[in-house]
Structures are given as C-alpha cells and as structure tokens.
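A short write-up of the structure that comes next.
The values are calculated or read from the model by the stated rules, or taken from the named source; none is laboratory data. Here the structure is a predicted model, which is why all the values come from computation and not from measurement. Reconstructed Cβ throughout: ideal geometry from the backbone, glycine too, with neighbour counts over all protein chains shown. Ligands, DNA and RNA are stripped out before the accessible areas are found, and what is left, the full protein with its side chains, is counted by its heavy atoms. Shrake-Rupley method; radii C 1.70, N 1.55, O 1.52, S 1.80 Å.
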Amino acid sequence: MTATVLSRADEAFCRVREVIPAVEWATMADDVEAIWRLKRERNAVILAHNYMTPEIFHGVSDITGDSLALARKAIDVDADVIVLAGVHFMAETAKLLNPEKTVLIPDLQAGCSLAESITPADVIALRRAHPGVPVVTYVNTSAAVKAESDICCTSGNAEQVIASLGTERVIMIPDQYLAANTAARTGVEIITHPGACEVHERFTPTDIRQIRADYPGVTVIAHPECPPAVVAEADFAGSTAAMVDFVAVNQPERVALITECSMSDNVAQLYPQLEFIRPCNLCPHMKRNTLATIRRSLETMTHEVRVDTAVAERAKRAVDRMLAVK
Ligand code: 13P
Ligand code: SF4
C-alpha cells in the first residue's frame with residue numbers, strides 16, 4: 001500500500017475546512033500551490049496579521065499574529081524576503097527591524113486611517129505644546145511619525161509601555177479611543193490626537209446591547225480601538241492576540257468579537273465547537289491582500305518597502321524601546 005502524498009494546497013485545505021467550503025477552495029488551490037512554490041524559490045516568508053482572510057492566514061502564512069507579535073517575530077525571520085500580508089505601517093516596521101532583507105507588500109494602497117490621521121509636524125507641535133511630556137506612538141503610524149516619538153506601543157502592550165515611563169502625563173497618539181481606554185485603565189493623564197480606526201469607531205453601545213438581546217449568554221470581546229462606551233459594554237477588551245488567548249482559555253460557548261470580520265473566521269477554524277456571532281466591520285485596507293496579490297508580489301518582487309536611512313534610524317529607536325518593555 002502506498003501512502004498518499006498531499007499537495008501543499010491539500011494540506012492547506014485541512015487547515016481551513018471548517019470555514020471555507022470545498023467548492024470555494026477549488027478556486028483558490030492553484031494560487032495556494034503557486035505561493036508555496038514561489039516562497040521556496042525566493043526564500044521568502046509570509047507574515048500575516050490576524051485580519052487576513054482564512055485562506056491567507058491558515059493557508060499560506062508562515063508567521064501570524066497581532067501587530068506586536070508580527071514586530072517581535074520579524075526580528076527572528078530567517079529568509080531573504082518578507083511578504084507582509086497586512087498594511088503598510090506593518091511592512092515599514094518589518095523593514096525597520098530587517099534593513100538588510102527585502103520587504104514586500106502585495107498592494108501599496110493598503111493604508112490605515114490611523115496612520116493617515118497624523119504627520120511628523122503634528123507630533124512636533126504636540127511636543128512644543130507639552131514640553132517634557134513623553135510621546136507614545138501607536139505602531140499604526142508611518143516611520144516618519146515614529147521617528148518623532150519617544151517610544152511606540154501596540155494595543156497589546158499600551159499599559160505596560162505607559163507604566164515603563166513612570167510619568168503622570170503622556171502624549172499618546174494618534175488613536176483617541178485607544179488613548180481614552182488606556183487612560184481609564186492606568187489612571188495616567190493622556191493627551192491625544194483626534195485619530196480613529198475607521199473599522200472600530202463604527203461600533204456603538206447599541207450594537208452590543210442588541211447582540212446581547214439577540215444572543216443570550218453571549219460573551220462580548222471588544223478591541224480597544226473601539227470607543228470607550230463600546231468597551232464599557234464588553235466583557236473583555238484586548239488586542240487581536242488577547243482576543244485569541246481569551247477564547248482559548250475561557251472557551252465561551254457563544255462569543256462575539258467586536259473587530260474586523262476575518263478575526264472570527266480565523267478563530268472559528270480553531271474552535272468549531274464554539275458559536276461565533278459575527279457583527280464585524282471590514283477593513284478595506286487589510287482586504288487589499290488576496291491570494292492573487294500575494295502571488296503577484298512574489299512573482300514580480302513588488303512592492304518593495306524602503307525607509308529613508310535617517311528616518312529609519314530614529315524610528316527604529318522608538319520601536320526597539322517598545323520591544324524592550326516586558
Ligand atoms: P492588533 O492586532 O495589534 O490588535 O491591531 C489591530 C489593528 O487594527 C491593526 O491594524
Ligand atoms: Fe487601520 Fe483600523 Fe484597518 Fe487596523 S483595522 S489597518 S487600525 S483602519
């Protein structure tokens with residue numbers, strides 16, 4: 001009897017079969033097979049954010065996680081090429097940490113409303129207005145904005161980063177809601193900037209109350225980019241990685257993840273016994289990553305992300321300082 005050798009696409013299908021029907025997978029298998037072949041030929045790895053669709057997240061990625069995990073794991077990548085399946089600021093962060101590697105983003109238009117909301121000049125003006133107050137910058141910003149900052153943070157470590165500064169006041173930019181949610185948890189006075197995530201700011205407290213009325217017993221988990229009134233209605237708030245951990249530890253029978261749509265699909269694949277209520281909003285920037293754009297990226301080695309050397313040096317300092325916080 002001979003053992004059946006599964007193709008890469010067949011193997012990948014085993015990892016998504018709870019959330020992608022076989023008939024749909026049949027339209028994806030050719031791209032999945034090609035991406036695995038191209039990764040081998042290019043000595044490339046794919047880093048994928050938790051908001052990637054399941055065929056990318058479970059099907060072709062090598063490293064997955066929230067913004068913090070992707071930054072941490074980028075340091076240890078042993079490959080010539082990194083394809084960042086996420087948005088532009090994530091690719092820039094990977095480049096800051098891997099200046100000698102080729103970092104590709106499948107679609108240059110994959111931006112972020114938070115990164116768009118603030119410029120280096122805004123940071124300089126805030127510093128002038130509040131002399132001596134440290135500037136904590138969310139990673140969802142350009143390298144040029146990071147370069148004007150003292151330290152970065154993500155939604156996964158904002159409290160620890162602020163505690164590490166030991167000051168009563170901080171400037172925390174550019175997400176006004178992450179800033180307000182962090183101020184509530186730390187008691188530190190936070191000066192912020194009127195930026196918001198276009199995905200999370202659309203959720204309302206009424207949405208959460210309606211979910212609880214429609215799905216009795218549901219556990220509600222919100223991302224801290226949501227407005228504080230939404231976080232107040234939730235049972236737990238945390239980064240996308242904290243959401244995954246919460247589900248893994250607590251195994252709530254019925255759960256609603258108040259965040260981008262693909263999160264629930266990716267977690268549901270791991271816990272088919274749990275009921276996922278999916279009141280999600282799509283991030284149009286994250287959704288610029290598809291199997292087709294990733295395949296093209298590896299075929300043509302585009303789009304390469306570069307950061308000006310002088311900017312990179314200063315921006316990396318702020319990222320490194322964040323990564324040193326335990
Ligand atoms: P985290 O994955 O770090 O929680 O961030 C969510 C997000 O919106 C990234 O763009
Ligand atoms: Fe930016 Fe929000 Fe999209 Fe994340 S989900 S990339 S914060 S717009």
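What are the residues whose amide H is under 5 Å from the amide H of Thr259, where those residues sit 5 or more places off or on another chain and H is modelled from the backbone?
Amide H to amide H, under 5 Å and 5 or more residues apart or across chains, Thr259 pairs with Asn281.
Which whole-percent values make up P(r) of the range 81-231 when all C-alpha to C-alpha distances are grouped in 5 Å steps starting at zero?
Whole-percent P(r) values from 0 Å outward: 2, 9, 17, 19, 18, 14, 10, 7, 3, 1, 0.
Based on the Kirkwood radius over alpha-carbon pairs, what value in µm²/s does the Stokes-Einstein equation return for the translational diffusion coefficient of the chain at 4 °C and 1.567 mPa s?
It comes out at roughly 63 µm²/s.
Out of every Cα-Cα pair in the range 22-129, what percent are more than 23 Å apart? The partial results should precede the final answer.
Numbers: 2030 of 5778 pairs.
Of all Cα-Cα distances in the range 22-129, 35 percent exceed 23 Å.
Would you kindly enumerate the cysteines in the chain that have no other Cys beta-carbon under 4.7 Å from their beta-carbon?
Cys14, Cys112, Cys152, Cys153, Cys197, Cys226, Cys283
How much of the DSSP beta bridge set in the range 25-116 is antiparallel, as a percent to the nearest 5?
Close to 0 percent.
If you count only protein heavy atoms with a 1.4 Å probe, what accessible area per residue comes out for the range 211-326, rounded to a whole Å²?
45 Å²
Ignoring ligands, DNA and RNA, what percent of the accessible area of the chain is carbon or sulfur (1.4 Å)?
C and S fraction of accessible area: 51 percent.
Using a Debye calculation, one point per C-alpha and no hydration shell, please list log10 I(q)/I(0) for the range 62-107 at q = 0.13, 0.15, 0.26, 0.28 Å⁻¹ in order.
Debye output, listed in q order: -0.21, -0.29, -0.95, -1.12.
Sorted from largest down, give the three principal axis spans of the alpha carbons of the range 90-152, whole angstrom values.
Here the Cα extents, ordered largest to smallest, are 39, 24, 14 Å.
Just for the range 182-325, what percent of DSSP beta bridges are antiparallel, to the closest 5?
Antiparallel: roughly 0 percent of the beta bridges in the range 182-325.
Suppose every K and R has +1 on its Cβ and every D and E has -1 on its Cβ; what is the size of the dipole of the range 118-177 about the Cα centre, in Debye to the nearest 20?
Taking the Cα centre of the range 118-177 as origin, the dipole is about 140 debye.
Just to be sure I follow the rule: in the chain, considering lysines 8 or more places apart or on different chains, how many pairs have Cα atoms under 19 Å apart?
Value for the chain: 12.
Leaving out ligands and nucleic acids, note down the accessible area per residue over the range 83-136 with a 1.4 angstrom probe, in whole Å². Display every interim value, and only then the final one.
Numbers: 1980 Å² over 54 residues.
Result: 37 Å² per residue.
Take every DSSP beta bridge with both residues inside the chain and express the antiparallel ones as a percent of the total, to the nearest 5. List each step's numbers first, then the result.
Working: 1 of 32 bridges.
Rounded to the nearest five, the antiparallel share is 5 percent.
Rounded, prolate or oblate: which fits the range 267-315, taking a ≥ b ≥ c as square roots of the Cα gyration tensor eigenvalues, rounded meaning a/c under 1.5, else prolate when a/b beats b/c?
Because a/c hits 1.5 or more and a/b exceeds b/c, the range 267-315 counts as prolate.
Quick one: which residues, 5+ away or cross-chain, put their amide H under 5 Å from the amide H of Gly195? H built at 1.01 Å from N.
HN-HN under 5 Å from Gly195: Gln176.
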